[in-house]
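Asker: Here you go, one structure.
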Amino acid sequence: MLANALAANRDHTTAFAAYERGLREFVTMNQALVDNGAATLFPTTAQALEQRNTMLRDLVTMPARTAPPAHSALTLPEFTPAP
């Protein structure tokens, strides 16, 4: 996406701004996911650690993997290299 923005704009500051606009929503959605589950994965008390470990030991199968919408929200533009 950066290469596309640079190819489309002669001025690099304009290209960087276009790149930022093109990615901002995608980045914001993914950054919002960072705190989800952190308390469970990284417990801060002995009791929370034991609860997490018990939960993990009791798993008989891995949870189904469904891609969060934020991970698949980016659509890459068609890119044609300059001659």
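The values are calculated or read from the model by the stated rules, or taken from the named source; none is laboratory data. Not measured: the values here are computed from a predicted model. So basically every Cβ, Gly included, is an ideal-geometry build from the backbone, and we count neighbours across all protein chains shown. For accessibility, only protein heavy atoms count, side chains too; no ligands or nucleic acids. Shrake-Rupley method; radii C 1.70, N 1.55, O 1.52, S 1.80 Å.
Asker: If I ask for residues that are more than 30 Å from LEU2 (Cβ to Cβ), at pLDDT 75 or above and assigned to a loop (DSSP other than H, G, I, E, B), which ones from segment 47-83 would you list?
Answerer: Step one: filter segment 47-83 for residues more than 30 Å from LEU2 (Cβ to Cβ), giving 47-64.
After this cut, where a residue has to be at pLDDT 75 or above as well, the list is 47-61.
Once the filter is applied, which keeps residues that are more than 30 Å from LEU2 (Cβ to Cβ), at pLDDT 75 or above and assigned to a loop (DSSP other than H, G, I, E, B), segment 47-83 yields ASP58, LEU59, VAL60, THR61.
Asker: Does THR44 satisfy being at pLDDT 85 or above, out of contact with any helix residue (DSSP H, G or I) (no Cβ under 9 Å at 6 or more places or on another chain) and β-branched (Val, Ile, Thr)?
Answerer: Numbers: at pLDDT 85 or above: yes; out of contact with any helix residue (DSSP H, G or I) (no Cβ under 9 Å at 6 or more places or on another chain): yes; β-branched (Val, Ile, Thr): yes.
So THR44 fits the description; yes.
Asker: Ok, one more. Restricting to segment 27-59, name every residue that is open to solvent by less than 50 Å² (accessible area, probe 1.4 Å) and under 24 Å from the mean Cα position of the chain (by Cα).
Answerer: Scanning segment 27-59 gives VAL27, ASN30, GLY37, ALA38, PRO43.
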